[in-house]
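Read the structure below first, then the notes.
The values are calculated or read from the model by the stated rules, or taken from the named source; none is laboratory data. Source: prediction; values computed, not measured. Ideal geometry is used to build each Cβ from the backbone, glycine not excepted, and the neighbour counts take in all protein chains shown. For accessibility, only protein heavy atoms count, side chains too; no ligands or nucleic acids. Shrake-Rupley method; radii C 1.70, N 1.55, O 1.52, S 1.80 Å.
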Amino acid sequence: MTLTTQGTGGQVAEEAPPALEITNAWKSFGHVSALRGVSLTVRGGEVLALVGDNGAGKSTLVKVLSGVYPVDSGNITIAGVPLERADPRLARSRGISTVFQDLAVVETLDIAANVFLGQPLRRFGIFADRKQMISQSAAILRSLKVRVPSVRVAAGELSGGQRQGVAIARAVRQDNPIILMDEPTAALGVRETAQVGEIIRSLREHGKAVILVCHDLEFIFAHADRIQVLRLGQVQGVRDVSATTRTEIVSLITGAIARDVDGEVSE
Amino acid sequence: MSTPQEQNKKTTTDALAPTLSTSDVDLADLDVSLIKRVVMSPSFALSVAIGLFVIFGLTQSPQFANPQAWINILRDATLIAMPAAFACIVLVSGGLDLSVGSVLVAGAMASAAVASAGLGAGTAFLAGTVVGAVIGLINGFFVNFAKIPPIIVTLGSLFAVRAAVVASTGGNPIGPLPDDFTFWGQGDIFGVPIVIMVGLVAVVAAHIVLSQTNYGWSIRAIGGNLIAARSAGIAVRKVSISVYVLSGTAAAFTGVVLAARLGSGSPTFGQGYELQVIAAAVIGGTSIYGAIGTVPGAALGALLLSVLSNGLVLLKIDPTWQNFVIGVVLVAAAGLDVFRRRQMFRVSAKRTAASRKVSS
Ligand SMILES: Nc1ncnc2c1ncn2[C@@H]1O[C@H](COP(=O)(O)OP(=O)(O)OP(=O)(O)O)[C@@H](O)[C@H]1O
Ligand SMILES: [Mg+2]
């Protein structure tokens with residue numbers, strides 16, 4: 001079942017289930033409680049920004065949503081259908097693509113292999129279709145305006161920004177209805193950041209649900225529809241971009257504004 | 001190497017584009033880098049080394065031109081190359097298999113027992129090989145589920161498997177073995193020993209698996225970055241377990257072939273064999289840090305070991321020096337690997353070089 005929600009966010013028919021939803025998620029690593037009852041909803045054609053201090057639990061939430069970590073408790077549904085176990089391959093086949101904060105690039109493989117990592121093109125079922133992977137990855141990187149010397153260069157030889165480009169290319173290529181991006185602009189300069197902004201805008205126009213983890217409030221106010229603030233593993237508040245200010249978001253991040261009950265928008 | 005036209009196109013169409021690098025895909029550059037890669041590759045260095053040694057040998061002893069000497073050299077090389085090809089695959093996956101010698105003897109003795117019981121060559125080959133696959137499966141299981149480091153798991157099976165073999169055979173050899181079985185180790189077709197042909201097939205198959213299949217790319221991915229591979233949806237445990245199964249199968253199969261060649265199985269087979277096998281893979285450019293290595297390289301490494309051990313005898317050099325030479329070559333090969341890795345991932349230096357279009 002594919003989600004066919006159209007439009008540019010805002011007034012989507014309320015009956016349609018959200019593209020991705022997680023409710024009351026708990027996750028701890030030993031003594032560290034990374035997520036303490038977090039809920040989140042994102043719809044097709046919407047960009048949801050996830051902000052919070054270092055260690056707030058943003059990356060943990062992204063990894064939980066993409067099937068890398070199992071939750072201790074909580075439920076994930078994709079277009080209304082529960083995701084029954086944590087498995088990156090399952091999550092991807094159900095429509096979730098992820099750009100991880102640590103980029104998940106294999107340094108010893110070339111760019112083409114990295115763009116198609118875990119989802120290679122095949123010939124006769126078992127053979128790698130290198131020709132196609134090389135030409136398609138070159139085309140994708142070109143369309144995303146990521147410049148690399150050659151797609152046959154090992155990813156270990158790339159700059160941080162180029163690696164980021166490869167990681168984004170991998171997620172975008174999968175053409176899934178849901179895209180999670182964990183700090184996709186962290187290693188980028190001004191122009192490259194603008195380019196990622198373009199990519200996010202285009203994903204949104206194509207009706208994708210985008211979750212964007214980012215520390216750059218400028219960027220978020222330019223590209224997001226809603227902002228969800230995490231603090232110490234809990235949802236501090238959720239705001240529509242059109243109805244909030246940078247000051248309010250910063251206050252939520254630092255805890256100067258008290259946590260909303262149930263993470264509801266309080267206006 | 002870009003023409004002015006290309007330069008123009010770049011500046012107009014990519015006005016928005018990040019200026020992350022100096023040049024776009026450039027065919028001329030690719031050709032240069034291909035030649036450079038071949039010349040810089042361990043396989044090339046190894047071929048040259050073997051060639052030089054043989055040329056030197058030819059000037060010293062006419063025996064080096066004797067076809068029979070070469071058949072011996074190739075047959076010995078085959079018996080190392082078969083397990084080395086799969087040891088290479090294990091190393092590339094980020095693992096290590098020290099149990100090769102013990103699995104080899106287990107395969108040899110199992111097949112010898114079956115063959116001497118008169119159950120036929122086919123059953124004997126199957127029995128020996130299956131024993132290896134099962135031991136490989138156990139190795140892979142402990143590495144991936146109990147999370148015990150591979151060096152310890154396979155060192156454990158090195159001890160345990162040989163002990164089990166010695167205990168179950170009472171330490172006695174099994175033989176002589178029937179002709180239909182020994183034919184596969186001693187026979188030849190058009191003057192070429194079957195052993196060499198079988199080994200060639202196994203090595204070529206291992207090469208195709210590692211370099212051409214998606215499974216092979218997954219092996220290189222998990223050896224390069226396990227976490228990235230896992231989050232990209234590669235079934236890392238399945239892949240990792242499978243390489244131990246392949247390695248066990250290949251080692252046991254080599255044992256079966258050895259029993260067939262010698263006409264009997266002995267519990268002393270394969271003692272210290274794992275070291276030669278790993279040496280061959282590393283000499284052939286396989287990195288002990290994982291992800292990097294080729295099967296043809298490992299096969300050439302095996303050939304070098306065989307050429308050295310046979311060649312030094314032909315040159316009437318004290319065979320004790322063999323191991324000295326092997327030791328030096330091994331450390332040199334590992335040093336080259338470290339150097340190459342550093343070259344490969346020294347980002348800034350690399351990019352500066354690229355921008356200056358220096359080819360050194
Ligand atoms: N694999 C792990 N093992 C142990 N603790 C972890 C692990 N991953 C995250 N944590 C802990 O969980 C908490 C949340 O980490 P997380 O990476 O989700 O934060 P974040 O909001 O993404 O921070 P940043 O902005 O720095 O990326 C931290 O206290 C961190 O130490
Ligand atoms: Mg993070």
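The table below lists the values:
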| read-out | value |
| --- | --- |
| Single condition residue A:135 does not satisfy, out of (1) surrounded by fewer than 21 Cβ atoms within 10 Å (Cβ to Cβ); (2) within 23 Å of residue B:223 (Cα to Cα); (3) free of Cβ contacts under 8 Å to residues at least 40 places away in the same chain | (2) |
| Members of the stretch B:204-226 found to be within 7 Å of chain A (Cβ to nearest Cβ), in a helix (DSSP H, G or I) and more than 15 Å from residue A:120 (Cα to Cα), listed by number | B:224 |
| Candidates B:133, B:146, B:160, filtered to the one that is of a type outside the set (Val, Ile, Thr) and either more than 19 Å from residue B:93 (Cα to Cα) or in contact with a strand residue (DSSP E or B) (Cβ under 9 Å, 6 or more places away or on another chain) (or both) | B:160 |
| Among (1) small (Gly, Ala, Ser); (2) part of a helix (DSSP H, G or I); (3) more than 16 Å from ligand 2 (Cβ to nearest atom) - the single one residue A:118 does not satisfy | (2) |
| Residues of the stretch B:318-360 classified as at pLDDT below 70 and among the polar types (S, T, N, Q), total | 5 |
| Among residues of the stretch A:35-74, those that are part of a strand (DSSP E or B) and open to solvent by less than 10 Å² (accessible area, probe 1.4 Å), counted | 9 |
| Any pair with Cβ under 6 angstrom, 6 or more apart, that starts in the stretch A:17-32 at a residue that is closer than 16 Å to residue A:69 by Cβ and in a strand (DSSP E or B) and ends at one that is away from ligand 2 (no atom under 16 Å from the Cβ) and open to solvent by 60 Å² or more (accessible area, probe 1.4 Å) | A:26/A:72; A:27/A:72 |
| Within the stretch B:39-94, tally of residues that are closer than 16 Å to residue B:285 by Cβ, at pLDDT below 95 and of a type outside the set (Gly, Ala, Ser) | 7 |
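Every residue, every condition in (1) crowded, with 22+ Cβ neighbours inside 10 Å; (2) within 20 Å of residue A:159 (Cβ to Cβ); (3) within 16 Å of ligand 1 (Cβ to nearest atom), yes or no:
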position: A:187; (1), (2), (3): no, yes, yes
position: A:191; (1), (2), (3): no, yes, no
position: A:202; (1), (2), (3): no, no, no
position: A:209; (1), (2), (3): yes, no, no
position: A:212; (1), (2), (3): yes, no, yes
position: A:218; (1), (2), (3): no, no, no
position: A:233; (1), (2), (3): yes, no, yes
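Yes/no matrix, rows are residues, columns are (1) within 11 Å of chain A (Cβ to nearest Cβ); (2) in contact (Cβ under 8 Å) with a residue 12 or more places away in the chain; (3) open to solvent by 50 Å² or more (accessible area, probe 1.4 Å); (4) more than 26 Å from the chain's Cα centre (by Cα):
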site	(1), (2), (3), (4)
B:170	no, no, yes, yes
B:180	no, yes, yes, yes
B:238	no, no, yes, no
B:242	no, yes, no, no
